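Written out below as structure tokens is the structure these notes cover.
The values are calculated or read from the model by the stated rules, or taken from the named source; none is laboratory data. From a predicted model like this one, the values you see are computed outputs, not experimental measurements. Glycine gets a Cβ as well: all are built from the backbone with ideal geometry, and neighbour counts include every protein chain shown.
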Amino acid sequence: MLGLPAMTLPSHARVVVIGGGIIGTSVAYHLAKAGWKDTVLLERDRLTSGTTWHAAGLMVTFGSTSQTSTELRKYSRDLYAALEAETGQATGFKPVGFIEVASDEGRLEEYRRVSAFNRLHGIEVHELSPAEVKARFPLARVDDVLAGFYVPQDGRVNPVDVTMALAKGARLHGATLLENLPALDVVVKQGAVKGVVTPQGTIGCDVVVNCAGMWARQLGAKSGVALPLQAAEHYYLITEPLAEVSRDWPVLEDPGCYGYYREEGGGLMVGLFEPRCAPWKVEGIPEDFSFGEISPDWERMAPFLERAMSRVPLTREAGIKKFFCGPESFTPDLKPLIGEAPEVKNYFVAAGLNSIGILTGGGWGRALAHWVMHGQPDVDVTGVHVDRLQPYQATAAYRRARTVEALAGLRLPLPVEVAAHRARREALCPPPGARRRRRVLP
């Protein structure tokens, strides 16, 4: 963490947002733009430190069968495309397109259903033949591909640039953003938020929004708020520049090979979601971890990396520029933690974005800001409300075991293994109707 220079601290704010990543800056931007200028954002180090700075930057609307998630993805894409005109800060948004490939019958059926649902919500999805996939991403091996699903308006953004654009927009609309100023604790009196403690003093406030990313659980625990999320290792490899690669190629994703692929620096990024992940720092995320990396576990990752590279064989021959490992935070059911915590009044949460923070961050920031301002959400939050999970799911033993199992479900072969995964999940997780109750004080 950087040193803490002396600064003039506001004595009071209507809302204090904790965390300066993609979701925190989005919440601050939408609050300020809607007229809540008395909003303060606290960032413990610099904006984007933690996980946002190393995100892969995919901006994809395809893939969800949730109306809420689909609409928020569409909103995020449109927002990132328009922010430069509003703020003068580029976001790096490039609508180069996105292709999801299916190489088994289960996924083919699943993606056809996803495509139908996405089209219902106005997303342009085309089913491609293997030859058409090859035409758009010439380095891909397609001999076992059954079909590709192509969204021409999707693509990529620069995670740092889009966060800076949101931050600049928040400032332009009147919000105060303070870097190098960690939130040490939240002041709670009679079951309600009253302020935020910092090394420079306490800011009185009416509402807190915990957007602290992989630190959100530890911060929430100080106020008795249970936030089950856990950081895990996330890998991607970047090759040396390749003459065969075009910057205009679409993003390609192949769950069957555990990989996603896009141009990066004239070479290719090979991103990984291995079927057996490694939880990171279950005992607690270090407070001084900012723009840090995790030493890659080459031995553990080699089989998964080989599988991912098999979809784009040239990557096996290319020089490796970087094999990166950094932490991302995940929840027990791979859905975000959004909304007012049941334990403390006016304690809101927007965390646990499960590695899709960039592509949903714009939308969740808008939805959470509306919830704070109007006292209720304007979208269906049944599946993401923070009160759906239970305190025992925040224990170390549960987080360690559940993170491995939950992330395995992202890339399991379909459909038999998915049914087994769902059965295990239902055994471990309470039914959707089971909700935590707000603490009642005597």
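Data for the structure
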| quantity | calculated |
| --- | --- |
| Some residue of the range 45-52 being of a type in the set (Lys, Arg) and surrounded by 21 or more Cβ atoms within 10 Å (Cβ to Cβ) | no |
| Among (1) more than 22 Å from the chain's Cα centre (by Cα); (2) over 30 Å from VAL40 (Cβ atoms); (3) crowded, with 16+ Cβ neighbours inside 10 Å, the one test that ASP206 misses | (2) |
| The range 287-331: number of residues that are of a type in the set (Phe, Trp, Tyr) and part of a loop (DSSP other than H, G, I, E, B) | 2 |
| Filter pass, SER223 being assigned by TED's automatic domain parsing to the domain that holds GLU317 and surrounded by fewer than 22 Cβ atoms within 10 Å (Cβ to Cβ) | no |
| Entirely in the range 332-442, the helices (runs of 4 or more DSSP H) that have 1 or more residues that are farther than 19 Å from SER26 by Cβ and either of a type in the set (Phe, Trp, Tyr) or modelled with pLDDT of 95 or more (or both) | 396-408 |
| Scan of the range 175-194 for residues that are over 12 Å from VAL344 (Cβ atoms), touching a residue at least 60 places away in the same chain (Cβ under 8 Å) and not hydroxyl-bearing (Ser, Thr, Tyr), ordered by number | ALA175, LEU177, LEU178, GLU179, ASN180, LEU181, PRO182, ALA183 |
| The listed residue being assigned to a strand (DSSP E or B) and either within 21 Å of the chain's Cα centre (by Cα) or of a type outside the set (Lys, Arg) (or both), out of GLU233, GLU283 | GLU233 |
| Complete set of residues in the range 154-196 that are among the polar types (S, T, N, Q) and at positive phi | ASN180, GLN190 |
| Top-ranked residue in the range 107-126 [being out of contact with any strand residue (DSSP E or B) (no Cβ under 8 Å at 6 or more places or on another chain) and outside any helix (DSSP H, G or I); ranked as farthest from GLY155 (Cα to Cα)] | HIS121 |
| Flag if ASP78 is at pLDDT 95 or above, more than 20 Å from the chain's Cα centre (by Cα) and of a type in the set (D, E, K, R) | no |
| Which numbered condition VAL15 misses (of (1) free of Cβ contacts under 8 Å to residues at least 12 places away in the same chain; (2) buried (at least 24 other Cβ atoms within 10 Å of the Cβ)) | (1) |
| Condition met for ILE99 (in the same structural domain as GLY122 (by TED's automatic domain parsing), modelled with pLDDT of 95 or more and touching a Pro at 6+ places or on another chain (Cβ under 7 Å)) | yes |
| Residues being in contact (Cβ under 8 Å) with a residue 24 or more places away in the chain, in contact with a Phe, Trp or Tyr (Cβ under 9 Å, 6 or more places away or on another chain) and surrounded by fewer than 19 Cβ atoms within 10 Å (Cβ to Cβ) - total across the range 72-94 | 2 |
| Residues of the range 25-71 classified as under 16 Å from PHE291 (Cβ atoms) and not in a loop (DSSP other than H, G, I, E, B), total | 3 |
| Residue in the range 232-279 that is surrounded by the most Cβ atoms within 10 Å (Cβ to Cβ), counting only those that are among the charged types (D, E, K, R) and at pLDDT below 95 | GLU274 |
